[in-house]
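The values are calculated or read from the model by the stated rules, or taken from the named source; none is laboratory data. From a predicted model like this one, the values you see are computed outputs, not experimental measurements. Please note: Cβ atoms are built from the backbone with ideal geometry, for glycine as well, and neighbour counts cover all protein chains shown. Only protein heavy atoms, including side chains, enter the accessible area calculation; ligands, DNA and RNA are left aside. Shrake-Rupley method; radii C 1.70, N 1.55, O 1.52, S 1.80 Å.
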Amino acid sequence: MNTVAGPRERLIRSAIIMMREHGVAATGLTELLAHSKTARGSIYLHFPGGKNELMEQATLHAGQQISATIDALVAASSSPAQVVLGLVEVWKRVLDTSSFTAGCPIVAAAQSGADSPAVQAASATVFADWTRRLADLLISTGMDSAAAASVGSVIVSTIQGAIIRGRSEKSLQPLDDAGINLVKLLEL
């Protein structure tokens, strides 16, 4: 069954795409409305707090999408190393298929600035969720919880840093390097 997305869903989808490419501050309402093919009143109907509320919800939605990817990789993998390599491959595809124009929307939200504290808080919530999911995986393999939390954080930070560098350098090499070295860390 093919359903047409309503204005709220289209606005969130467009916000995610535009955040990934331009950041939060450079994503204007006029461009968002044109990209999402929605009427101006739709923003305030669905997001009474305006652009900041839309960006906060887009951040949380994008985070849930990536969390679902992590969960799928965990379900399909036999080791944390395979999960890490799967995440690296996902991000390599994002960079490659966008010709290095699309980064992580959660990083864009984290860099949104002091005028968007709810958007920054949403990014922190998402990063914490990803770290917890990875830590839970590591705990399930016998790692103690404190080490697992730390290693989960390192995985998230390393991959996110590699995405930023890869986008900046227009190269997949930073992600390849991150994957190789994170697997070495997991094998210690």
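Scanning region 1-48 for residues that are in contact with a Leu (Cβ under 7 Å, 6 or more places away or on another chain), in a loop (DSSP other than H, G, I, E, B) and not aromatic (Phe, Trp, Tyr) turns up just one, Thr38.
For Val74, state whether it is modelled with pLDDT under 95, surrounded by 15 or more Cβ atoms within 10 Å (Cβ to Cβ) and within 19 Å of Val126 (Cα to Cα). No, not satisfied. Can you spot a residue in region 60-71 that is of a type in the set (A, V, I, L, M, F, W, C), open to solvent by 60 Å² or more (accessible area, probe 1.4 Å), assigned to a helix (DSSP H, G or I) and touching a residue at least 24 places away in the same chain (Cβ under 8 Å)? No: zero hits.
Take Ala109 and decide whether it is in contact with a Gly (Cβ under 7 Å, 6 or more places away or on another chain) and surrounded by 20 or more Cβ atoms within 10 Å (Cβ to Cβ). Taking the combined requirement at face value, the residue does not satisfy it.
When restricted to residues that are touching a helix residue (DSSP H, G or I) at 6+ places or on another chain (Cβ under 7 Å) and open to solvent by 60 Å² or more (accessible area, probe 1.4 Å), region 43-59 contains 1. Filtered by the rule that a residue be buried (at least 16 other Cβ atoms within 10 Å of the Cβ) and free of Cβ contacts under 8 Å to residues at least 40 places away in the same chain, region 23-42 gives Thr27, Leu32, Leu33, His35, Ser36, Thr38, Ser42. Among the residues of region 128-141, those that are open to solvent by 30 Å² or more (accessible area, probe 1.4 Å), touching a residue at least 40 places away in the same chain (Cβ under 8 Å) and assigned to a helix (DSSP H, G or I) comprise Asp129, Arg133. Can you find even one residue in region 149-170 that is over 21 Å from the mean Cα position of the chain (by Cα), of a type outside the set (A, V, I, L, M), more than 25 Å from Asp96 (Cα to Cα) and at pLDDT 95 or above? No, there is no match, as no residue in region 149-170 is over 21 Å from the mean Cα position of the chain (by Cα), of a type outside the set (A, V, I, L, M), more than 25 Å from Asp96 (Cα to Cα) and at pLDDT 95 or above.
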